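The values are calculated or read from the model by the stated rules, or taken from the named source; none is laboratory data. Just so it is clear, the model here is predicted, and its values are computed rather than measured. Positions of Cβ are generated from backbone atoms using ideal geometry, with glycine treated the same way; all protein chains shown enter the neighbour counts. Note: accessible area is taken over every heavy atom of the protein model, side chains too, but ligands, DNA and RNA are not part of it. Shrake-Rupley method; radii C 1.70, N 1.55, O 1.52, S 1.80 Å.
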Amino acid sequence: MAKKTMTMIDNRNGKQFEYDILSGTRGPDVVNIQSFYKDSGMFTYDPGYTSTASCESKITFIDGENSELRYRGQLISDLAGKYSFLDVCYLLMQGDLPDKKTSNEFDLEIRHRSFLHEGILKIFDAFPSGAHPMATLGSAVNALSSFYYEHLILENEDAFSEMRRRIIAKIPTIAAMSYKNSIGVPMTYPDVDRYFTENFLYMLRAYPGGKMRNIGGKNEEIRQVEVDALDAIFTLHADHEQNASTTTVRNVGSTGAHPYVAISSGIAALWGPAHGGANEKVMDQLALIGDTKNVAKYIEKAKDKNDPFRLMGFGHRVYKSRDPRAETLKKLQDKLKKDLNLDSNLLNVAAEVERIALSDDYFIQRGLYPNIDFYSGVILTALKIPESMFTPIFVIGRTVGWISQWTELVQDPKTKIARPRQLYTGK
Ligand code: ACO
């Protein structure tokens with residue numbers, strides 16, 4: 001087959017530069033401009049990387065035009081709620097879903113690795129109670145690098161595997177710990193008799209000694225329907241190719257920094273309201289709107305360029321049609337309406353926001369649809385998860401994506417330190 005190339009012409013002097021066009025297995029072709037500066041003495045300019053493929057990857061594929069998301073080739077709708085989150089973790093890390101025996105072994109290993117070194121618990125003593133769980137979660141993950149500081153040798157796959165499995169197992173414990181610290185309550189240790197997602201709910205709800213929280217005279221025993229709902233939410237958050245936090249993990253990883261430091265940087269990036277922090281803001285916004293009759297007013301505010309108000313949970317850099325994660329969550333929401341006693345006022349306000357926005361030219365022309373964060377909050381609220389834990393829940397789901405992408409980065413011989421250039425306009 002003839003080589004595919006693209007020619008760029010500098011119209012100032014007619015000079016021509018030819019670049020190879022690369023094809024992946026799915027998605028748009030890519031022009032390889034790595035030698036552009038050497039050839040032309042110019043940089044390319046792409047703030048926010050809207051047209052830049054920063055790496056080659058085999059993990060996750062998104063087709064933003066056709067609302068498609070695949071982990072290792074498998075559609076998200078074929079995974080969420082159909083396989084356990086831990087099986088999906090295995091798929092993302094290893095490339096294939098595990099067989100029954102491997103799945104059980106992996107589950108058991110993750111349960112046993114869920115405990116924290118007591119030194120990590122002491123670090124929490126120094127944080128003020130009332131600190132946002134995202135702040136303490138990021139710091140504690142960074143601190144993990146001091147407990148597991150080892151020089152990884154590329155050929156030693158076992159050491160890599162241990163590094164990955166350890167962080168997946170410990171992240172729910174650290175997240176639960178961050179929450180307990182934020183309300184000034186002692187932590188609950190993990191219970192190895194419980195599956196990953198149930199264990200997380202247990203650590204959130206139980207008092208030391210394992211007794212369940214009692215609200216309004218009712219013990220908050222964990223129901224299977226709750227575990228299944230949260231497990232599906234983790235799966236829907238597990239990876240999303242080169243998003244802002246994953247790019248941060250890769251950038252930090254490209255310097256050779258410790259993987260847990262790279263992940264803690266990813267947590268920092270995820271916290272922002274334009275990224276994973278949006279799920280907390282969606283709930284604030286739905287509460288602020290308060291009633292279906294106020295929705296139109298807030299939609300007008302979101303459209304007003306002189307008003308900083310943005311509709312949280314709407315819009316996405318890649319999806320210019322529906323977000324397939326949001327679609328799956330919406331179906332889950334409908335299914336759980338009765339079982340989980342979802343807040344009907346919140347649901348009505350959310351449905352009205354969606355209805356008005358999706359019939360408005362402003363949103364249609366810009367391809368602004370509800371994203372995953374628009375739907376997760378209502379379900380998480382019904383699971384009695386406090387709002388400050390919405391973004392940490394995103395972290396628990398996304399950690400497997402970050403560590404898989406980090407592994408791919410360090411094992412790729414083409415990896416270079418991330419070092420963009422600039423258009424200097426200063427003095
Ligand atoms: N409300 C109102 N207008 C919006 C919104 C919104 N939520 N999102 C985008 N727009 C408008 C912009 O004002 C812009 O309009 P213009 O062309 O007239 O200037 C246009 O749509 C394009 O928006 P950009 O910000 O340029 O798009 P970008 O791809 O850079 O940003 C982002 C995507 C950050 C997600 C944006 O849509 C946003 O801020 N949404 C709200 C926050 C949110 O829900 N974030 C979660 C994203 S999903 C995730 O991280 C898991």
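Assorted remarks:
- Kirkwood Rh, Cα atoms: Rg over Rh of the range 278-382: 0.94
- Evaluated at q = 0.07 Å⁻¹: base-10 log I(q)/I(0), Debye formula over Cα of the chain: -0.37
- Excluding same-chain neighbours fewer than eight residues apart, the aspartates and glutamates reachable from LYS330 by a Cα-Cα span under 13 Å are GLU354, ASP373.
- Loop-located chymotrypsin sites (Phe, Trp or Tyr not before Pro) across the range 37-113 with a Cβ neighbour count of 13 or fewer within 10 Å are PHE43, TYR45, with loop assigned by DSSP.
- Extension gain, LYS122 back to ASP63 (0.36 nm per residue minus Cα-Cα distance, nm): 16.8 nm
- Note on the range 121-253: Rg/Rh from Cα positions, Kirkwood definition for Rh, rounded to two decimals, is 1.00.
- Per residue, the convex hull spanned by the alpha carbons of the range 1-44 comes to 88 Å³.
- Degrees, to the nearest 10: 259-271 long Cα axis against longest axis of the chain: 80
- Additional length obtainable on full extension of the chain from LYS337 to LYS427, 0.36 nm per residue less Cα span: 26.5 nm
- Calculated accessible area for the range 1-44 comes out at 83 Å² per residue, all protein chains present (probe 1.4 Å; ligands, DNA, RNA ignored).
- Qualifying lysines (Cα of each under 23 Å from Cα of LYS15; at least 8 residues distant if same chain): LYS3, LYS4, LYS38
- Carbon plus sulfur fraction of accessible area for the chain, probe 1.4 Å, in percent: 51
- For the set LYS180/LYS211; LYS82/LYS331; LYS170/LYS211, the pairs lying more than 18 angstrom apart at their alpha carbons are LYS170/LYS211.
- Loop chymotrypsin sites (Phe, Trp or Tyr not before Pro), the range 123-204 (other Cβ atoms within 10 Å of the site Cβ: 12 or fewer; DSSP): TYR149
- Couplings for the range 220-229, taken from phi via the Karplus curve 6.51 cos²θ - 1.76 cosθ + 1.60 with θ = phi - 60°, read 8, 4, 8, 9, 4, 4, 6, 4, 4, 5 Hz in order; Gly and Pro are left as x.
- Residues in the range 306-335 reached by a label modelled at TYR362 [backbone nitrogen below 13 Å; 7 Å Cα→Cβ]: 306-312
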